[in-house]
Amino acid sequence: MLLSVHVKNLALIDEVEMNFEDHLNILTGETGAGKSVLMGAVNMALGARVPKDMIRKGADYALAELFFSVSDPRVLEILRSMEIPIEDDSVIISRRMTAGRSVSRINGEIVSSADVRKAGQLLLDIHGQHDHQSLLDKSRHLVILDRFIREPLGDKKEKMAKAYQNYTHYKDMYEKQALDNEERLRRIDFLEFELEEIENAHLVVGEDEQLETDYRKMSHGREIIEKLSQVHQWTGYEERTSVGEQLGRSLKNFSGLEEFDPNLGKLREQLENIESLLNDFNWELSDYMSELSFDEQDFKDTEERLDLINRMKAKYGNSIEDILAYRDEKQAELERLQGYDEWLSDLKHKLEVSEEELKMLSQEVSQIRKQYAKELEQRMEQSLIDLNFLQVQFRIDIRPMEKYTKNGWDDVEFLVSTNPGEDVKPLEQVASGGELSRIMLGIKSVLAQIDDIPTLIFDEIDTGISGRTAQKVAEKMAYIGRSHQVLCITHLPQIAAMADSHYLIEKTADDSHTKTEIRELTEDEQIREVARLMGGVEITQTILDSAEEMKKMAEQFRITCLKK
């Protein structure tokens, strides 16, 4: 259930907060008052694209927040699986938009637009002003039918989608690998040449790094020997000027001095430590130099090996690991080509098995669709009769296509006849804009009976209808409002009269700026608003009496709905 909507700095809205109830919530207002801005705020929070100029003039940002109370364990589990923290079964979806960026959050956690849309689809079903036009897209008919039979389908559609993925994978492989024999032999020769070159290189992982280290060492070998010899000479004991010799003499000078000043003992110990460290260093340096040698042949061999490895890298990969992975891949391809007939036969078998699985699932799903299509037809006819289609036929045509899709092989189309004696025809051939709007409302009404989605939003779906038809649409909205939370933006008095809660959207202006405000109406104010919608520049007492009578009739209808 949508508890409230908080909007700030969006178009003409300075800041408003609307609290909604779990019944039929009606929103009305003069043309241009900002009714579309409210829907824009909801859509903005749910991740829709919003122009930057929708940020209120003079403001740094626009904010839209939707507050939900969620009681469905399935929905809560899905939200938790999206790593969204849930406390007290509350969900807050918000979006803050500046001129440079926008940030969406669910319960304070930053989320992607895809996650926002996924969460929104679990919590809301929005029917915009022009959504009924989607019925002219035949592909939508399959979506609606499958939504109606969600329970009977179970997980069959998910299984079918996976089977379709396997089928297309093997089908694409089979079609791509249908090589002629001459091309296959050329490919085998080329692969054998590459593999032989790699094998003859006898590559070892990590050897290139070691070779580069050895090469740098060898290429500077003479310089290393000369300079280390000098260091060894300077730090040793062979010459009177060497550091070791000088340290030894210095220590001799300390001999006997401690008798005169005991504090000199600490200085002597420090000097002894220095001599010991220098002595250790000299021995280690001597060992290193004794192992150091420069051999012209070793240097040449190392250089040639490095050149070979670098040539291999240029052809087969950036590292030895990449080259060996390339070798394994091409070895598998070679084996496949050498045993081509057997491999192709195995691939064909896998393709046939995957197609058989897809065929079986498509057949099962198609049977379920045909079985429950009859029930949907009956429910739709009754729903359309409720919406003032007096003699209507609604049929669902299900035909097999010549190809598979992830949805199986069914081509689904809704057919309708709205006049007696006429055959059923596709919607675009018989339905006007107003009729399409009512048909979509009929679909929403039927789906609401089996859907888990708790909140339905209708944005001026009453375009193109009036009179008795408008009254029937109002009754249908009230009927849906008995089992679902409904938010409806309307300009028809018949629908407005059915309100359990009624909100007025109005535009106010002063010398400095214009803004849109929204407030809930009292019972008397509801009657005056219904009277305004009934028409006329001046609201007379006669119109007020008619509006009051319309409200009383609406209340009586709601009581009748509760008894059903």
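Counting only lysines at least 8 places from LYS507 when in the same chain, those with an alpha carbon closer than 20 Å to its own are LYS8, LYS35, LYS57, LYS515.
Measuring only protein heavy atoms, the 1.4 Å probe finds VAL204 accessible over about 80 Å². Taking Cα atoms only, the orientation of helix 523-534 departs from the longest principal axis of the chain by about 80 degrees. Computed over the chain, relative contact order equals 22 percent, with contacts defined as Cα pairs under 8 Å that lie 6+ residues apart.
Prolate is the label for the range 234-341. Its Cα gyration tensor axes, ordered a ≥ b ≥ c, give a/c of at least 1.5 and a/b above b/c. Working note: Karplus 6.51/-1.76/1.60 with θ = phi - 60° gives the range 468-484 the couplings 4, 4, 4, 5, 5, 5, 4, 5, 5, 4, 5, 5, 5, x, 6, 10, 9 Hz, where Gly and Pro are set to x.
Kirkwood analysis of the Cα pair distances in the range 356-424 returns a hydrodynamic radius of 13.4 Å.
Shown here for the range 90-149: trypsin sites (Lys or Arg not before Pro) in loop regions (DSSP other than H, G, I, E, B) with at most 15 other Cβ atoms within 10 Å, namely ARG101, LYS138. Measure out, as a whole number of angstrom, how far apart the alpha-carbon centroids of the range 7-21 and the range 488-564 sit. Taking the Cα centre of each part, the range 7-21 and the range 488-564 sit 20 Å apart. Computed packing ranks the peptides 501-510, 250-259, 468-477 as 468-477, 501-510, 250-259, most packed first, by mean other Cβ atoms within 10 Å. Once you reduce the range 116-160 and the range 424-439 to the center of their Cα atoms, the two points are 19 Å from each other. Out of all DSSP beta bridges with both ends in the range 435-564, state the antiparallel percent to the nearest 5. Here the antiparallel bridges make up roughly 60 percent for the range 435-564. Of the peptides 161-168, 46-53, 280-287, 482-489, the order by per-residue mean of other Cβ atoms within 10 Å, starting with the highest, comes out as 482-489, 161-168, 46-53, 280-287. Helix 35-45 and the longest principal axis of the C-alpha atoms of the chain enclose an angle of approximately 30°. Within the accessible surface of the chain, defined with a 1.4 Å probe on protein heavy atoms only, the carbon and sulfur portion equals 47 percent.
Per residue of the chain, the DSSP helices (runs of n ≥ 4 H) give a summed -39500 (n - 2.57) that works out to -18500 deg cm²/dmol at 222 nm. Accessible surface for the chain, divided over its residues, is 56 Å² per residue with a 1.4 Å probe.
Arranged from highest to lowest average of other beta-carbon atoms within 10 Å per residue, in what order do the peptides 7-13, 412-418 appear?
7-13, 412-418
Take every DSSP beta bridge whose two residues both sit in the chain; close to 75 percent of them are antiparallel.
Just to be sure I follow: if Rg is taken over the C-alpha atoms of the chain and Rh is the Kirkwood radius over the same atoms, what is Rg/Rh? That ratio is 1.29, to two decimals.
The values are calculated or read from the model by the stated rules, or taken from the named source; none is laboratory data. These numbers were taken from a predicted model, which means no experiment stands behind them. Note that each Cβ is placed from the backbone with ideal geometry, even for glycine, and that neighbours are counted across all protein chains shown. Quick note on the areas: whole protein, heavy atoms, side chains included, nothing else; ligands and nucleic acids left out. Shrake-Rupley method; radii C 1.70, N 1.55, O 1.52, S 1.80 Å.
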